[in-house]
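Have a look at the structure below before the remarks.
The values are calculated or read from the model by the stated rules, or taken from the named source; none is laboratory data. Bear in mind the structure is a predicted one, so any value in this text is a computation, not a measurement. All Cβ positions, glycine included, derive from the backbone under ideal geometry; neighbour counts span all protein chains shown.
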RNA sequence: CGGGGCAUAGUGAAACGGCUAUCACGAGUCUUUUGGGAAGAUUUAUUCUGAGUUCGAAUCUCAGUGCCCCGACCA
């Protein structure tokens, strides 16, 4: 994409009201725009990041046999009265119409599956969606980390017995680790024991360490498991070690064994009248985006991991347009996603600063200095600049993306 | 929902109750520039809303609304 065509502008100074790093950087770089507290527009660059994270999540969900659907955001009151959750404060209500905006989907998926799971032969089933959730948060905060409207992946699984649920639960856990790895969050994300709700002893959260987080977790220095403050004792429940390190973290995923909690009120039973067991597995897409920015940045701006970056390569032209256009064509022919800074009214300094702020992982500079047959190549997270021959360009770029 | 803070141009700031509301950045036009936010000229406002006090309000008072932060809450 030609940057001269991008309608968003970067801004130099931090917006006065934004205190969290992710909102400051994302707004300054033109990834998102705040409409109201906890409500954001995703601009072209930001939307590309959202789509990239969604793609990763989708691939890993499909890998564990989950099927994608899309449920409505408008929910009838009746469904929610069956579980006694119509009057929770999270629900945005449209009272006159007896409708509410969905903040989770157990109340929709359970009656839906009742029409499709008629016997043990129809089990197990794994269904997910990626969809906008609405939560009437008493206090939206920290940019994308806690919104009132946000994008979430929610997966629900349906099982004949506990063993089957346990096996799939474990599979989802592993899929989540892959997602965090591909999102560049693995290093700072810990599997965390949390309270389990009604039927199971624990649930598992995936907590990313960041000062912007809102939970306190305790990481066991011996086995690497983390424990949420709400259930913390003196020792690690896994290995009994007392060597626990306190950290602030943001929950970027949560997996739960629901067991019969929702199959009971909705009468989701097999042919013998036995309740079907359920699991649910959430992943905050836009929250993960915020968490990536919080954990991957420097004083100049964001530093996107490869797979989530809005573009793979930032090509910068400094008054050597003929060669720049040629490089742009070469890269596009190899199917690289390129943001091409072809702007003629910007100085080199402005282009470099915008480039660092936006944070695309690979930078290529074409200028009078680099001449007719060479270009500069630099990684966002390294200082080193290499001068390479244009005929070796693709080879060098490939090396970088391996 | 409790507590605290803030609200002035697109962005960030300034202005004792008193002159035509000031400055920087951005953006527009023109000229000169061009490897880390370049220079000059010129243009760019319903001071959040409503009421009140006052000869006079961006400034004081009351109410509202919005935003940020701390806490509570948080499948």
Taking the condition of being modelled with pLDDT of 95 or more and surrounded by fewer than 20 Cβ atoms within 10 Å (Cβ to Cβ), how many residues in region A:335-350 meet it?
3
Within region A:197-209, residues buried (at least 16 other Cβ atoms within 10 Å of the Cβ) and not in a strand (DSSP E or B) come out as A:200
State yes or no: is residue A:331 in contact (Cβ under 8 Å) with a residue 60 or more places away in the chain, closer than 24 Å to residue A:27 by Cβ and outside any loop (DSSP other than H, G, I, E, B)?
no
I'd like the full set of residues that are within 14 Å of RNA strand B (Cβ to nearest atom), within 27 Å of residue A:213 (Cα to Cα) and buried (at least 22 other Cβ atoms within 10 Å of the Cβ), limited to region A:294-316.
A:294, A:302
For region A:244-253, give me each residue that is farther than 12 Å from residue A:208 by Cα and surrounded by 13 or more Cβ atoms within 10 Å (Cβ to Cβ).
A:244
The residue that is farthest from residue A:132 (Cα to Cα), considering only those in region A:266-287 that are within 14 Å of RNA strand B (Cβ to nearest atom) and either at pLDDT below 95 or part of a strand (DSSP E or B) (or both), is A:277
Can residue A:113 be described as in contact with a strand residue (DSSP E or B) (Cβ under 8 Å, 6 or more places away or on another chain), under 30 Å from residue A:308 (Cβ atoms), at pLDDT 95 or above and buried (at least 17 other Cβ atoms within 10 Å of the Cβ)?
no
Reported set for region A:360-387 where residues are under 29 Å from residue A:294 (Cβ atoms), in contact with a helix residue (DSSP H, G or I) (Cβ under 9 Å, 6 or more places away or on another chain) and either in a helix (DSSP H, G or I) or within 11 Å of RNA strand B (Cβ to nearest atom) (or both) is A:363, A:364, A:365, A:377, A:380
Just checking, how many residues over region A:43-75 are surrounded by 14 or more Cβ atoms within 10 Å (Cβ to Cβ), free of Cβ contacts under 8 Å to residues at least 40 places away in the same chain and closer than 20 Å to residue A:103 by Cβ?
1
Within the bounds of region A:317-327, is there any residue that is buried (at least 21 other Cβ atoms within 10 Å of the Cβ), part of a strand (DSSP E or B) and within 11 Å of RNA strand B (Cβ to nearest atom)?
yes
